[in-house]
Structure formats: C-alpha cells, structure tokens
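Since every read-out is calculated from the coordinates, none of them should be taken as a lab result. Keep in mind the model is a prediction, meaning the values are calculated, not measured. FYI the Cβ positions are ideal-geometry reconstructions off the backbone, even for glycines, and counts take in every protein chain you see.
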Amino acid sequence: IRERLKKTTNLIYPLEKELSLLNELNEFELGRFFIKNRGLNGYWTSYLYRTYHAKRQVSHPLEHWMIYCCPVVVGTCERFKIFQSQIKKYAKSNSSIVSIPSGLMDDVLSIDFSDLKDLFLVGIDLDRNSLEEARKNSVLHGKENITILLQKDAWFLEVVDEYELIVSNGLNVYVANDELSNLWRSFYVALRYEGILITSFITPTPFISKFCSWKNFELEDAKIFHALFTDIIPGHWNYYVEEDVRNQLENVGFKIIEIVYDPMHI
C-alpha cells in the first residue's frame with residue numbers, strides 16, 4: 001500500500017498525511033480488518049451498528065471517527081433504524097422475513113414481534129461464520145425457535161413465490177451492474193405476489209460525482225473518507241443515484257413504493 005501511495009499522483013491529501021492515516025489504521029483491529037479485506041463481514045458490520053447505537057466509547061481516535069463521524073458509516077447506521085421501522089411496518093402474522101445476506105441479523109432479531117403469530121425469521125448467507133454468529137444472536141434475543149438459517153447463494157435461491165418480505169443490505173455495494181440485475185431478479189422470483197423488498201444503496205460522494213446528494217456533512221469528514229477508502233484502501237464500492245436504482249428494480253418487475261433517505265442523504 002505504501003509503495004502504491006508513493007506512486008499515486010492524485011491523492012486527496014499530501015502523501016505524508018495519507019501514510020499517517022495508514023499507520024493509524026494498523027493500530028486497531030477494525031482498521032486492520034479493513035486493510036486486509038477491503039470491506040466488512042457480518043461480525044464487523046454488527047460491531048459498527050451496536051457501537052454506534054449504544055454510543056459506546058472506543059479508545060483509538062481514528063476508530064472513534066470511523067464510527068461516529070465517517071459519513072458513510074453514520075449514514076449506514078441510520079439506515080439500520082430506517083430498515084427496522086420499515087420491517088415493523090410490513091411484517092405480518094403467518095409469514096416469513098428473509099434477511100439476505102443474513103450477517104448477524106441484528107436489524108431483524110432486535111425487533112419486538114410479540115404482537116405477531118406464526119412469524120419466521122430466515123437468514124440466508126454464503127458465509128458459514130456469519131450464519132453461526134446469527135444463530136448465537138437468535139439465542140441472545142430469544143428467537144432461536146422462529147429463526148431458520150440457510151447457507152445459499154443470493155443469486156440462486158431456488159425458490160419461487162416463497163417469501164412475503166425480503167430485507168437486503170450491502171450486496172449491491174460490491175457487485176457489478178449486470179450481476180445486480182440478476183440479484184434483483186432472484187429476489188423478485190422468490191417473493192410472493194405483492195411481496196415486499198426492503199433494500200438500500202449508497203449515493204455518490206462529492207469527490208467522485210457531480211450528482212452527489214449528501215447533506216449535513218462536514219467536508220473534512222468526506223475528505224478523510226475518500227483518503228481511507230479510495231486512496232489507501234481502494235474499495236470496489238458501487239455508488240448509485242436514485243434514478244439508477246429505480247430503473248434497476250423496475251426493469252425486473254418491482255414497483256417502487258417508497259424511498260426513505262437518512263438525514264445525510266447517503
């Protein structure tokens with residue numbers, strides 16, 4: 001990474017500051033995971049949500065910034081609350097809520113469904129470790145008896161008209177547009193008539209698109225984000241404007257009911 005940064009001519013900060021940020025990332029576990037994997041697994045995604053919403057203190061200044069100031073992380077954590085309100089809105093008795101990819105299923109398992117009967121929570125993930133963590137999480141929330149965990153590929157669910165509600169966050173961040181169409185089609189086929197898909201997308205940052213819709217953010221925070229996740233850790237993140245997402249979903253048959261933005265429009 002250091003040698004690549006030294007050869008890069010369009011860094012957002014001077015080289016010395018970028019190398020300093022790289023050194024800081026190596027000083028805490030979350031940062032080291034980002035460097036090694038260029039993204040998050042179910043465990044670390046859950047760590048961000050739980051730490052942010054519990055307002056827990058973290059000791060490293062950069063880790064604190066990542067959780068409480070990084071625009072995309074804050075927007076994603078706010079997305080968590082939006083998902084929960086939407087899940088609660090559409091959940092009903094005698095049905096199933098499917099989380100794909102499951103991760104730890106925090107956004108589903110932490111909801112009180114006591115007013116509903118014969119509701120099943122289904123977690124689908126290719127990652128066996130995420131499924132095991134989801135199983136533990138279901139026990140923690142007292143929902144192990146209504147939780148079903150399946151190791152499957154989201155693109156090949158092999159079910160038709162099966163589910164009432166699918167919840168999906170994160171997959172579209174890492175896949176190309178042609179693969180994404182197949183993902184939406186897989187969900188569409190798996191849902192019953194008038195079934196609901198709750199999903200999300202990340203809008204472009206101010207440094208990669210003139211169509212940035214971000215609001216209520218500090219420019220310096222956006223610059224640090226760009227330095228970390230474009231310069232230092234070149235991620236394969238995909239950003240979308242609303243019109244693109246509408247077209248993607250409508251092209252496979254979905255009807256858009258509502259688009260709910262977090263306060264920062266991220």
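Before moving on, here are some points about what is shown:
- Loop-resident chymotrypsin sites (Phe, Trp or Tyr not before Pro) (DSSP state other than H, G, I, E or B) in segment 1-53 with no more than 14 further Cβ atoms inside 10 Å of their Cβ are absent.
- Candidate membrane-span-like segments in the chain, meaning DSSP H helices with Cα atoms spread over at least 27 Å of their own axis and a Kyte-Doolittle mean of 0.0 or above, do not occur, with no membrane implied either way.
- Pairwise inverse Cα distances across the chain, averaged and inverted, put the Kirkwood hydrodynamic radius at 19.6 Å.
- Beyond 26 Å in Cα-Cα separation lie the following of the pairs Lys36/Lys210; Lys88/Lys255; Lys210/Lys255: Lys36/Lys210; Lys210/Lys255.
- Highest-MSF residue in the chain out of Ile208, Ile232, Ile87 [GNM, Cα springs under 10 Å]: Ile208
- Pair-distance distribution of segment 1-101: all C-alpha pairs, bin width 10 Å, starting at 0; shares per bin in whole percent are 12, 36, 28, 15, 6, 2.
- Percent breakdown of C-alpha pair distances by 10 Å bin, ordered from the shortest bin, for segment 150-266: 12, 40, 30, 15, 3
- In this rough spin-label picture, where each label sits 7 Å from Cα along the Cβ direction, the Glu29-Lys136 distance is 1.0 nm.
- Close amide H partners of Leu150, meaning residues 5 or more places away or on another chain with modelled amide H under 5 Å apart, are Gly123, Ile124, Asp125.
- Restriction of the trypsin sites (Lys or Arg not before Pro) in segment 24-72 to DSSP coil positions whose beta-carbon has at most 14 other beta-carbons within 10 angstrom yields Arg38, Lys55, Arg56.
- Distance violations [Cα-Cα > 27 Å] among Lys92/Lys143; Lys7/Lys215; Lys55/Lys117: Lys7/Lys215; Lys55/Lys117
- 5 angstrom amide H check on Leu165, placed H, neighbours 5+ away: Ser96, Val98, Ile196
- Chymotrypsin sites (Phe, Trp or Tyr not before Pro) lying in DSSP loop within segment 156-196, provided at most 14 other Cβ fall within 10 Å: Phe156
- Cβ-Cβ FRET estimate between Glu242 and Glu218, R0 fixed at 22 Å, reported to 0.05: 0.40
- Helical contribution to [θ] at 222 nm, DSSP H n ≥ 4, -39,500 (n - 2.57), averaged over the chain, rounded to 500: -13000 deg cm²/dmol
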